[in-house]
Amino acid sequence: MPQPIGTILVAGSTGYLGRHIVAEAGRRGYATVALARSAGKLADVTPPPGRIVLAEATSAEDLRGCCEGVDVVFSALGITRQADGLRYDDVDYGANLALLREAERAGVRRFVYVSVLHPEHTRHTDMVAAKERFVAALRQSQLEAVIVRPTGFFSDMTEFLRMAEAGRVWVFGDGGCKINPIHGADLAAACVDAFAADVAPGERPIGGPETFTQREIGALACAAAARPVRVTGLPLWLIDALLWVLRPLSRRWWNILAFMSGAGRHDMVGPAHGSHRLADHFAAEHRSARAATGR
């Protein structure tokens, strides 16, 4: 296992992946600095970060000095749900660029950034366009750049389970496109590997240990929800028509559907990492949902 090289700053530390990164880096002996808007969201992370820097990532003034004494910056900064009137350009591009400039000023050695696999399929969306603008800026930096490109998170696959619990899973086209999604803990382990000095910078596509078609994920979700297997394909022409209607009416929902459609029409398979199984994730999520509703 690569040996810890110093201090890691984790941006996006309170998100799905960021929390796993803080815990994994801490377990491996790295000194961790968590960049966050709220310390309370990290209270249950084990081991906890060594230090928390409270900052609004879109504010260059807030970020000033955050990278002092830091060897590696890891960023999963990005909008998952549009709020506060912020745009993807403000966060996925602008906040990461401000963090990169601060890292350069402080003499950080390496910057590890999480984007998406096969951005050519989804670059037309605002989110991926903003992410890839930052990737281009990172590549031009003097810092060692590592771009992590995951296939898809288990947390994203939970949408299949919610549809199954409602009685039917909808997939794109014939549902034959493949993906090997990855659990946050497994992705964090692969990302922390990239912190080490003896790991070459560059692109790192990363997927989970199991590959499924969309229909197979739908069937897995139905089994976890103890429902009959009902998986129905949505004709691609219908998706295109809906996108055409949505675009002038709601940029937010157009972006969501456009990203899902772009990714859902192609295989999203990366080199396998980790050991977490999607069936176990679905089972745990279903139990949690039942407990929350008292059923």
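The values are calculated or read from the model by the stated rules, or taken from the named source; none is laboratory data. Every value quoted in this text rests on a predicted model; they were computed, and no experiment measured them. Quick reminder, even Gly has a Cβ in these numbers, built from the backbone with ideal geometry, and neighbours come from all protein chains shown. In case anyone asks, the SASA skips ligands and DNA or RNA and just uses the protein heavy atoms, side chains included. Shrake-Rupley method; radii C 1.70, N 1.55, O 1.52, S 1.80 Å.
Would you confirm whether any residue within region 25-33 is touching a Leu at 6+ places or on another chain (Cβ under 9 Å) and closer than 22 Å to Ala106 by Cβ? Spell out how you get there, then give the answer.
Initially, region 25-33 is screened for residues touching a Leu at 6+ places or on another chain (Cβ under 9 Å), giving 32-33.
When the remaining residues are screened for being closer than 22 Å to Ala106 by Cβ, the result is 32-33.
For region 25-33, residues touching a Leu at 6+ places or on another chain (Cβ under 9 Å) and closer than 22 Å to Ala106 by Cβ: present.
State yes or no: is Ala258 in contact with a strand residue (DSSP E or B) (Cβ under 8 Å, 6 or more places away or on another chain), surrounded by 16 or more Cβ atoms within 10 Å (Cβ to Cβ) and at negative phi? Show your work before the answer.
Details: in contact with a strand residue (DSSP E or B) (Cβ under 8 Å, 6 or more places away or on another chain): no; surrounded by 16 or more Cβ atoms within 10 Å (Cβ to Cβ): yes; at negative phi: yes.
No; evaluated as a whole, the condition is false for this residue.
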- Failed item in (1) hydrophobic (A, V, I, L, M, F, W, C); (2) touching an Asp or Glu at 6+ places or on another chain (Cβ under 7 Å); (3) open to solvent by 40 Å² or more (accessible area, probe 1.4 Å), with Trp244 passing the rest: (2)
- Val269: surrounded by 15 or more Cβ atoms within 10 Å (Cβ to Cβ), at pLDDT 95 or above and either closer than 21 Å to Arg149 by Cβ or polar (S, T, N, Q) (or both), yes or no? yes
- Query: Does any residue of region 165-181 turn out to be more than 30 Å from Arg139 (Cβ to Cβ), without any contact (Cβ under 8 Å) to a residue 60 or more places away in the chain and part of a helix (DSSP H, G or I)?
  - Reply: yes
- Item | Odd one out for Val112, checked against (1) open to solvent by less than 10 Å² (accessible area, probe 1.4 Å); (2) within 24 Å of Gly12 (Cα to Cα); (3) assigned to a helix (DSSP H, G or I) | (3)
- Message: Which of the numbered conditions does Ser155 fail, given that it passes all the others? Conditions: (1) modelled with pLDDT of 95 or more; (2) open to solvent by 10 Å² or more (accessible area, probe 1.4 Å).
- Response: (1)
- Message: Anything in region 118-146 that is open to solvent by less than 10 Å² (accessible area, probe 1.4 Å), in contact with a strand residue (DSSP E or B) (Cβ under 7 Å, 6 or more places away or on another chain) and not in a helix (DSSP H, G or I)? List them, or say none.
- Response: Val146
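Please determine whether any residue of region 89-102 is hydroxyl-bearing (Ser, Thr, Tyr), touching a Lys or Arg at 6+ places or on another chain (Cβ under 9 Å), under 27 Å from Gly26 (Cα atoms) and modelled with pLDDT of 95 or more. Reasoning before the result, please.
Residues of region 89-102 hydroxyl-bearing (Ser, Thr, Tyr): 93.
Okay, now just the ones that are also touching a Lys or Arg at 6+ places or on another chain (Cβ under 9 Å), so 93.
The next check asks that each one be under 27 Å from Gly26 (Cα atoms); those that pass are none.
Taking every residue of region 89-102 in turn, none turns out to be hydroxyl-bearing (Ser, Thr, Tyr), touching a Lys or Arg at 6+ places or on another chain (Cβ under 9 Å), under 27 Å from Gly26 (Cα atoms) and modelled with pLDDT of 95 or more.
Kindly indicate the residue of region 35-70 that is part of a loop (DSSP other than H, G, I, E, B) and among the basic types (Lys, Arg) and also farthest from Leu99 (Cα to Cα) among those meeting that condition.
Result: Arg37.
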- Query: If we keep just the residues of region 72-82 that are in a loop (DSSP other than H, G, I, E, B) and either open to solvent by 50 Å² or more (accessible area, probe 1.4 Å) or hydroxyl-bearing (Ser, Thr, Tyr) (or both), which is farthest from Ala189 (Cα to Cα)?
  - Reply: Gln82
- Message: Show the residue pairs meeting these rules: Cβ distance below 7 Å; 6+ apart or different chains; first residue within region 120-132 and without any contact (Cβ under 8 Å) to a residue 40 or more places away in the chain; second residue in a helix (DSSP H, G or I) and not charged (D, E, K, R).
- Response: Arg123/Ala129; Glu132/Pro119
- Message: Can you pull out every residue in region 273-295 that is open to solvent by less than 70 Å² (accessible area, probe 1.4 Å), touching a residue at least 12 places away in the same chain (Cβ under 8 Å) and of a type in the set (Gly, Ala, Ser)?
- Response: Gly274, Ala279, Ala283, Ala289
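Quick one: would you say Ala166 is open to solvent by less than 50 Å² (accessible area, probe 1.4 Å) and of a type in the set (Gly, Ala, Ser)?
On the way: open to solvent by less than 50 Å² (accessible area, probe 1.4 Å): no; of a type in the set (Gly, Ala, Ser): yes.
No, not satisfied.
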- Query: In region 185-241, what residues are among the polar types (S, T, N, Q), open to solvent by 30 Å² or more (accessible area, probe 1.4 Å) and either in a strand (DSSP E or B) or touching a Leu at 6+ places or on another chain (Cβ under 7 Å) (or both)?
  - Reply: Thr232
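Here are Leu99, Leu86: which of them is under 17 Å from Ala36 (Cα atoms), open to solvent by less than 60 Å² (accessible area, probe 1.4 Å) and in a loop (DSSP other than H, G, I, E, B)? Spell out how you get there, then give the answer.
Details: Leu99 fails: in a loop (DSSP other than H, G, I, E, B).
Checking each option against the conditions leaves just Leu86.
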